[in-house]
Amino acid sequence: MTQPTAAMLVIGDEILSGRTRDSNMYHLAGQLTERGIDLREVRVVSDDADAITEAVKALSAAYEHVFTSGGIGPTHDDITADCIAAAFGAHIDVRDDARALLQAHYNRQGMEFNTARQRMARIPDGAVLIENPVSIAPGFTMENVHVMAGVPAVFQAMVQSVLPTLTGGAPLISRTRRIDRGEGDIAGPLGELARAYPALSIGSYPFQKDGRYGANIVLRGTDAAMLDAAVAALDAEFPA
């Protein structure tokens, strides 16, 4: 079974400045792996309308799914929804279904549903709302782009809302082996292993501990028997 492909677009000056550490990519990658969707690319862009719009166009054309994170709140720099609309040539305004969700929420909270909060109900025409059980303000899906909040708890909840609607492929399986030798010593055999098993992804992740060099070798693929054969070959080449 062919795996659908995906990309992620992380939006926000706070990520690029180093003020905020992004955890959403880590969460999404794990969830997509379990679903059998292959995350191929992650981009980070600033709160710049042209940069967001062009990135959305490029990623939407290149991958079957695009997940965005950030920029759909109530403040002036939350411009993601407008950029998504621009990327697809869609009209955007406060939409009745999103407005009703937020109005009811703020009524329950005894808070004013003011102009700033109404910005979170601005949804492009033709988009499908993404449920947000944490803070109610919805994300949305526009064609193959899934637009989500940047706050990790909300992002994770939105991912859980979207994933059941997506068709995945065979789940990726991984195997890890630790080799207590430097990469220069293992590079040749690893290259041969990669050529022998082109359907697998074989990564080498070096470390240094107590003055000694080593590497964790991670093998990933959808065929368990093939993975087991590759791991056996690796163990034979580098016995523990």
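The values are calculated or read from the model by the stated rules, or taken from the named source; none is laboratory data. As the structure is a prediction and not an experimental result, all values here were calculated from the model. When we count neighbours, we look across all protein chains shown, and the Cβ atoms used for this are built from the backbone with ideal geometry, even at glycine. Heavy atoms of the whole protein, side chains included, go into the accessibility calculation; ligands, DNA and RNA do not. Shrake-Rupley method; radii C 1.70, N 1.55, O 1.52, S 1.80 Å.
Structure summary
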| quantity | calculated |
| --- | --- |
| Against the rule of thumb 2.2 N^0.38 Å, how large the Cα Rg of the chain comes out | 1.23 |
| The range 70-115 - convex hull of alpha carbons, volume per residue in Å³ | 86 Å³ |
| R0 of 45 Å, Cβ-Cβ distance residue 75-residue 236: FRET efficiency to nearest 0.05 | 0.20 |
| Rounded accessible area of residue 197 (nearest 10 Å², 1.4 Å probe) | 50 Å² |
| GNM flexibility winner over the chain from 51, 61, 215 (Cα, springs under 10 Å) | 215 |
| Percentage relative contact order, the chain, counting C-alpha pairs under 8 Å, at least six apart | 18 percent |
| Quotient of Cα Rg and 2.2 N^0.38 Å for the range 155-227, N being how many residues it contains | 1.48 |
| Only Lys, Arg (+1) and Asp, Glu (-1) charged, at Cβ; the chain dipole about Cα centre in debye | 500 debye |
| Scattering curve values for the range 116-184, log₁₀ I(q)/I(0), Debye with Cα scatterers, q = 0.11, 0.26 Å⁻¹ | -0.42, -1.21 |
| Virtual spin-label span in nm between residue 44 and residue 17, 7 Å along Cα→Cβ | 1.4 nm |
| Two-decimal log10 I(q)/I(0) for the range 78-197, as the Debye equation yields it once each C-alpha is a single scatterer, q = 0.14, 0.16, 0.20 Å⁻¹ | -0.68, -0.79, -1.12 |
| Over the range 1-102: Rg over Rh, Cα atoms, Kirkwood Rh | 0.99 |
| Computed log₁₀ I(q)/I(0) - Debye formula, equal Cα scatterers, no solvent, the range 1-52, q 0.20 Å⁻¹ | -0.73 |
| Neighbourhood net charge (15 Å Cβ-Cβ; Lys/Arg +1, Asp/Glu -1) for residue 61 | -1 |
